[in-house]
Amino acid sequence: MQTRLCPEVLHGFVKKLAERRGRAGEEGLPGLERRSVGEQGCAAVDADAQLRRDSIGTAPDGPRACRRRGDELRERSSSQASPHGGAGAASPPVGPDRILPRALSCPAASAANPILQPPPPAAARCEAGSKVMLKGMDYPELENWVQEQGFRPGQAMMLWKCLYGNNVWAHCHDELAGLNKDFKKMISEHSYLKALTVKDILTASDGTRKILFSLEDGPVIETVIIPCDRGRTTVCVSSQVGCAMNCQFCFTGRMGLRKHLSTAEIVEQAVFARRLFSDEFGSITNVVFMGMGEPLHNIDNVLKASAIMVDEQGLHFSPRKVTVSTSGLVPQLNASSMNPSVLCRQSYATTDEVAIMLMDDAKRLIELVQGIPCKINLISFNPHSGSQFKPTPDEKIIEFRNVLIQAGLVVFVRLSRGDDQMAACGQLGEPGDYQLPLLRVPEKFQVAL
């Protein structure tokens, strides 16, 4: 469940949220210690022994069930007729029902698709005087860098538009059209343009796409493209590899936190969305930070990436259409409310313990948001093998919604998208063999199992 807040009221909401959560938390819940969501996530990593005493182990079929499901889907795809040849022919990098929608080859590239070529090693980006990652810079930083190389500020704007505007979305130096020869040569010698590599693209039955990106050091992140008949297409971006919050309804949370994504790795998900799918779906209009990770746990890179996304000379997403979702990190909420470029959406629970258990009380929620202009989104639990919960019946969701509406709140029930390809809310990621322990469910919440 989520509430959508306008930036001008978010700052006051943070203080109110902290006060009310503090009072509500005094009641406590059996089987769980009282602690913040952030502390809960970190404790899951740093105090594993304590959590094991409260754990009940992984689900009987565990992560292997998800891997089996993925294998079955891949086998089903490979059994279909392929334009690349019959049985015995070498398989293409992307399966026949997952062919890249737009193969924007670089003129001087090799036969291999440049979109699938690996990004540069991290060490090369970090050494003083070596190449820099351009998509990690906001415009003032890019302008300063261009001037330091002995070129005019106006050339920085031309480069910026090659990266983000003019329907170019350049991923290699040969796509930098309109730049003079010396400037282009300098960029080629001193910078990188691409931070991610497309590993695979999965297509759900409802048209939702899930892109699997490989990072330079090996991990994989997932980004979801959600088309809509009303002319709106949304890209759901990830901010971390895994997540420290350990929310019990979320498959990503089973991974624990593996890595914060860089600004470039976040921005490039939106760039790829437009590069690959603008021809098919039209304009990619919305960005939601609801993929893998807790965005406000990586707040600096998320806010910088958001600023790049809404820049009027670049990707030019409307600030009102860039939404950051959070499990409720109050100090970071306070910091994000000072940033005018993003609209923040609070992923709701009325106490931290209830957030972990996905059991919200309508009356407590009504009290919490009283007097705050907001919209509440209700999202059904999307099942996966890493959780004990089951989806709430539709009639119960409607009943819960009606209680909120009767209290004068604005409420929407959001449909799940892409769940047959593990692309729906709470289904992203692959925990592998190591998983954070499941927490013991208090007796009063056993009805949700």
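The values are calculated or read from the model by the stated rules, or taken from the named source; none is laboratory data. Here the structure is a predicted model, which means the values were calculated and not measured. Here Cβ is always computed from backbone atoms with ideal geometry, including for glycine, and neighbour counts include all displayed protein chains. Keep in mind that these areas ignore ligands, DNA and RNA; they rest on the heavy atoms of the full protein, side chains included. Shrake-Rupley method; radii C 1.70, N 1.55, O 1.52, S 1.80 Å.
Before moving on, here are some points about what is shown:
- Qualifying residue in the range 361-377 (condition: in a helix (DSSP H, G or I), in contact (Cβ under 8 Å) with a residue 60 or more places away in the chain and open to solvent by less than 20 Å² (accessible area, probe 1.4 Å)): yes
- Boolean, D217 is in contact (Cβ under 8 Å) with a residue 60 or more places away in the chain, within 30 Å of V132 (Cα to Cα), open to solvent by 10 Å² or more (accessible area, probe 1.4 Å) and in a loop (DSSP other than H, G, I, E, B): yes
- Meets criteria (over 25 Å from the mean Cα position of the chain (by Cα), outside any helix (DSSP H, G or I) and crowded, with 18+ Cβ neighbours inside 10 Å) for F183: no
- Options N144, N166; residue that is at pLDDT 95 or above and open to solvent by 70 Å² or more (accessible area, probe 1.4 Å): N144
Conditions (1) at pLDDT 90 or above; (2) in contact with a Ser or Thr (Cβ under 6 Å, 6 or more places away or on another chain), marked per residue:
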site: K396; (1), (2): no, no
site: E399; (1), (2): no, no
site: A407; (1), (2): yes, no
site: F412; (1), (2): yes, no
site: D419; (1), (2): yes, no
site: A424; (1), (2): yes, yes
site: Q427; (1), (2): yes, no
site: L436; (1), (2): no, no
site: L439; (1), (2): no, no
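- Selection count, the range 408-440, where residues are open to solvent by less than 50 Å² (accessible area, probe 1.4 Å), over 12 Å from G242 (Cα atoms), in contact with a Lys or Arg (Cβ under 9 Å, 6 or more places away or on another chain) and not aliphatic (A, V, I, L, M): 3
- E353 falls short on exactly one of the conditions (1) open to solvent by 20 Å² or more (accessible area, probe 1.4 Å); (2) at pLDDT below 85; (3) in a helix (DSSP H, G or I), and that condition is (1).
- Single unsatisfied condition, S306 versus (1) farther than 19 Å from G207 by Cβ; (2) open to solvent by 20 Å² or more (accessible area, probe 1.4 Å); (3) in contact with a Pro (Cβ under 9 Å, 6 or more places away or on another chain); (4) of a type outside the set (K, R): (2)
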